[in-house]
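**Q** Below you will find the structure I want to go over with you.
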Amino acid sequence: LWFGWYGFNCGSTLQFNGSLAAKAAVTTTLSPALSALTAIILSKCTYGHFELGLVLNSALGGLVGITAGCTVVEDWAALIIGIVSCFVYYGGTLLMVVIKVDDPVEAISVHGFCGLWGLLAVGIFATPENIAAAYSGRECDGWETGLQFASQLTGALTIIAWVTLTTVPVLLLLKISSLLRVPPHFEEIGLDHSEHGGQMAFIANEFVRPMDPSKPTIHTHAENDVEAADTGAKSTGYSPEVSGKYSKDNDAPPAEAPSDGKDSETTDVNLNDDSKSNEKDTHVVTGA
C-alpha cells in the first residue's frame, strides 16, 4: 500500500516533470514514516511491547493524512502531519470500542478520521507558494489566514453530509430486511470461513485469559455450535483447543485463589447423555 501511494499521490499531478511529483513523493515518505515511528514509541509505552498492528495501521494513517496536502505543504509539515495521524488513528480506534462500532480492520480510524485530519491539515500547513505551484498559479491565502482552513472544513462537512444522506437509507433498508448482519455464530467463526470457505484470517480466543473471574470461559471440542447448559454462553467448534495457553501479557497460569469455600474449579460436563443425545461434549472452565 505504501508503495502504491506513490502511484496516485505522485501520479495525480498528471505530469512527471520532476519537481511537483518529487515533492509529492518526499512528503508521502515522511508522513507515514513518522507516523509509524510514533506508533512504535506509543505501543511500547502503552502495551509494554511493540504492537505490529498499531504500527502498520499508523503508517497507513500517515499516508491517508498526507494525501490531501502532499504537494502544498512543506517537508517539515509532513512530519507533523504524520505524528498527529498516529494519535488520530489510535484515538479513533478507542472511540469505536467505546461506542461499540464493529470495525475489525479499523478502516474508520485509518481512512475516516485520518482522512478528515488530512483535509484540515491543508488549511493549517499549506503555503500560498506551494498552492500556486501545484494548481497552475492559483492564488490562495494558504495558512496565512483562516480562509483556507474554513474552505477545508466546509469541504469535509459536505463530504460527511453527502455520505450520510446516501448511506443511511441503504443501511436502514438492509437492517429492516435482516440483511445488514450475518448470524451471530458466523460473526464468531469469521466470514473467511462461513462465506468464503477458507481458513480464518483472525482466530478468536486463540489465547484465552478470562477478564472477569465471575464469567466462565468455554473451551469446546465440538465441531458444531454448542449451547452450554448452565451458562447459556454460546461457543463455536472452530476455535482451537486453548487449555494451557495464555495471552502474551499473562504467560504464567493465574495463581490459585485462597481457599474460602468458593474456590475456582474446572469441571468436565458431558452433555452427551440420554436427555441431550444430539449435544456435543464441552469443557467448561469456571472462575479465575
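**Q** I want to confirm something. Restricting to region 103-123 and keeping residues that are open to solvent by 70 Å² or more (accessible area, probe 1.4 Å) and touching a residue at least 24 places away in the same chain (Cβ under 8 Å), which single residue is farthest from Ser19 (Cα to Cα)?
**A** Among those residues, the one meeting the criterion is Pro104.
**Q** Select from region 39-87 the residues that are within 17 Å of Trp117 (Cα to Cα), over 16 Å from the mean Cα position of the chain (by Cα) and of a type in the set (S, T, N, Q) and list them in ascending order.
**A** Answer for region 39-87, where residues must be within 17 Å of Trp117 (Cα to Cα), over 16 Å from the mean Cα position of the chain (by Cα) and of a type in the set (S, T, N, Q): Thr67, Thr71.
**Q** Sticking with this structure for a sec: So is Thr93 crowded, with 16+ Cβ neighbours inside 10 Å and of a type in the set (S, T, N, Q) or not?
**A** So Thr93 passes the test.
**Q** In addition: Listed residues Glu51, Glu129, Glu74, Glu106; which is of a type in the set (D, E, K, R) and either in contact with a Pro (Cβ under 7 Å, 6 or more places away or on another chain) or more than 24 Å from Phe3 (Cβ to Cβ) (or both)?
**A** Glu129
**Q** Do we have Thr46 as without any contact (Cβ under 8 Å) to a residue 40 or more places away in the chain, part of a helix (DSSP H, G or I), within 27 Å of Gln148 (Cβ to Cβ) and among the β-branched types (Val, Ile, Thr) here?
**A** no
**Q** Same structure again: I want to confirm something. Restricting to region 124-156 and keeping residues that are in a helix (DSSP H, G or I) and of a type in the set (Val, Ile, Thr), which single residue is surrounded by the fewest Cβ atoms within 10 Å (Cβ to Cβ)?
**A** Per the criteria, the residue is Thr154.
**Q** Check whether at least one residue in region 85-102 is in contact (Cβ under 8 Å) with a residue 60 or more places away in the chain and not in a loop (DSSP other than H, G, I, E, B), and report yes or no.
**A** Checked against the condition, which is being in contact (Cβ under 8 Å) with a residue 60 or more places away in the chain and not in a loop (DSSP other than H, G, I, E, B), region 85-102 yields no hits at all.
**Q** Shifting gears a bit: If I go through region 181-197 residue by residue, how many of them are of a type outside the set (Asp, Glu) and either open to solvent by 80 Å² or more (accessible area, probe 1.4 Å) or in a helix (DSSP H, G or I) (or both)?
**A** 9
Quick grid of which residues meet (1) assigned to a helix (DSSP H, G or I); (2) modelled with pLDDT under 95; (3) open to solvent by 20 Å² or more (accessible area, probe 1.4 Å):
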{"site": "Gly7", "(1), (2), (3)": "yes, yes, yes"}
{"site": "Phe16", "(1), (2), (3)": "no, yes, yes"}
{"site": "Ala22", "(1), (2), (3)": "yes, yes, yes"}
{"site": "Val26", "(1), (2), (3)": "yes, no, yes"}
{"site": "Leu37", "(1), (2), (3)": "yes, no, yes"}
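The values are calculated or read from the model by the stated rules, or taken from the named source; none is laboratory data. Quick caveat, the model's predicted, so the values are computed rather than measured. Methodologically, a virtual Cβ is constructed for each residue, glycine included, from the backbone with ideal geometry; neighbour enumeration extends over all protein chains shown. Keep in mind that these areas ignore ligands, DNA and RNA; they rest on the heavy atoms of the full protein, side chains included. Shrake-Rupley method; radii C 1.70, N 1.55, O 1.52, S 1.80 Å.
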